[in-house]
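As structure tokens, the structure follows; a few thoughts come after it.
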Amino acid sequence: MTQSFWLFGSRLNIIADRTTTEGKYDLIEGYFPPGSQTPLHRHTRYSEQLYVLEGEFTVWTGENKAVLKAGETFLIPPGTAHAIGVLSDKPARGLMVASPSAFARLIAEVGTQNENEIPDMELAQRISAEIGDEILGSPDNLPSK
């Protein structure tokens, strides 16, 4: 059963999580409005694979910058500082696989049902630390070159 949440301006649908995958992975569908961007961050305990369904995502990792269009994919290994953004004037939609399962927990525990509700940042920091995520900067801070 799909669960839907708003988290930092994006709509995230949990399609599969630890309860249905024996903890092996999470499958998340995300809708990202134009101009949205994640903060610079790192997942220390799981990889993240992004598959673009619609629109265009820009992914920054270290010295690399990739612009992904529908049908393209990008793997972010554990420990890699990265940011993901939608720089075009159109929204983007993608699938994310986190392996092993962890990211869906953050979405479910911190996400909100109301698009305009601000998430509990103290809870977000605690859950992020528990699943091994590290926030390294604000959304306008990209990986160093």
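The values are calculated or read from the model by the stated rules, or taken from the named source; none is laboratory data. Being a predicted model, the structure only gives us computed values, none of them experimental. Don't worry about glycine lacking a Cβ; one is built from the backbone with ideal geometry, like all the others, and counts go over all protein chains shown. These accessible areas exclude ligands, DNA and RNA; they are computed on the full protein's heavy atoms, side chains included. Shrake-Rupley method; radii C 1.70, N 1.55, O 1.52, S 1.80 Å.
Under a Cβ-only charge scheme (Lys and Arg +1, Asp and Glu -1), can you give me the dipole magnitude of the chain about the Cα centre, in debye to the nearest 20?
Result for the chain is approximately 320 debye, rounded to the nearest 20.
In the range 25-125, which trypsin sites (Lys or Arg not before Pro) fall in coil by DSSP and have 16 or fewer other Cβ atoms within 10 Å? Don't skip to the end; give the middle numbers.
Details: sites: Arg42, Arg45, Lys65, Lys69, Arg93, Arg105; in loops: Arg45.
Taking the range 25-125 and a limit of 16 other Cβ atoms within 10 Å, the loop trypsin sites (Lys or Arg not before Pro) found are Arg45.
Can you work out the FRET efficiency for the pair Asn64 and Ala108, with r the C-beta to C-beta distance and R0 = 35 Å, to the nearest 0.05? Each step should come with its number before you reach the end.
Values: r = 31 Å, r/R0 = 0.87.
Efficiency for this residue pair is about 0.70.
Ordering Val67, Val110 by accessible surface, largest first, gives Val67, Val110; the 1.4 Å probe counts only protein heavy atoms, with every chain in place.
Computed extension length for Glu22-Thr2: 5.5 nm, one decimal, from 0.36 nm per residue of separation with the Cα-Cα distance subtracted.
Largest accessible area first, the listed residues Val52, Val97 line up as Val97, Val52 when surface is computed with a 1.4 Å probe on the assembled protein chains.
Going through the range 1-94, which GluC sites (Glu not before Pro) have at most 15 other Cβ atoms within 10 Å and a DSSP loop state?
Numbers: sites: Glu22, Glu29, Glu48, Glu54, Glu56, Glu63, Glu72; in loops: Glu22, Glu63, Glu72.
Answer by residue number: Glu22, Glu63, Glu72.
Based on DSSP H runs of at least 4 residues, each adding -39500 (n - 2.57), what is the mean residue ellipticity at 222 nm of the chain after dividing by all its residues, to the nearest 500 deg cm²/dmol? Please report the intermediate quantities before stating the final value.
Details: 3 runs with 23 residues, N = 145.
Value at 222 nm, helices only: -4000 deg cm²/dmol.
Quick one: if you stick a label point 7 Å off each Cα along the C-beta vector at Glu72 and Leu136, how many nm between them? Those two pseudo-labels are separated by 2.1 nm.
Here the label points at Tyr51 and Asp89, each 7 Å from Cα along the C-beta direction, are separated by 3.1 nm in the simple model.
If you take the square roots of the eigenvalues of the alpha-carbon gyration tensor of the chain and sort them as a ≥ b ≥ c, do you get rounded (a/c under 1.5), prolate (a/b over b/c) or oblate? Working shown, then result.
Working: a/c = 1.24, a/b = 1.18, b/c = 1.05.
Taking the square roots of the gyration eigenvalues as a ≥ b ≥ c, the chain is rounded.
Surface analysis of the chain yields an accessible area of 53 Å² per residue, using protein heavy atoms and a 1.4 Å probe.
Largest GNM mean-square fluctuation among Phe103, Phe32, Phe74, using the chain with Cα springs under 10 Å: Phe74. Share of carbon and sulfur in the accessible area of the range 54-132 stands at 51%, probe radius 1.4 Å.
With a Cα cut-off of under 26 Å and a minimum spacing of 8 residues unless on different chains, the lysine pairs in the chain number 4.
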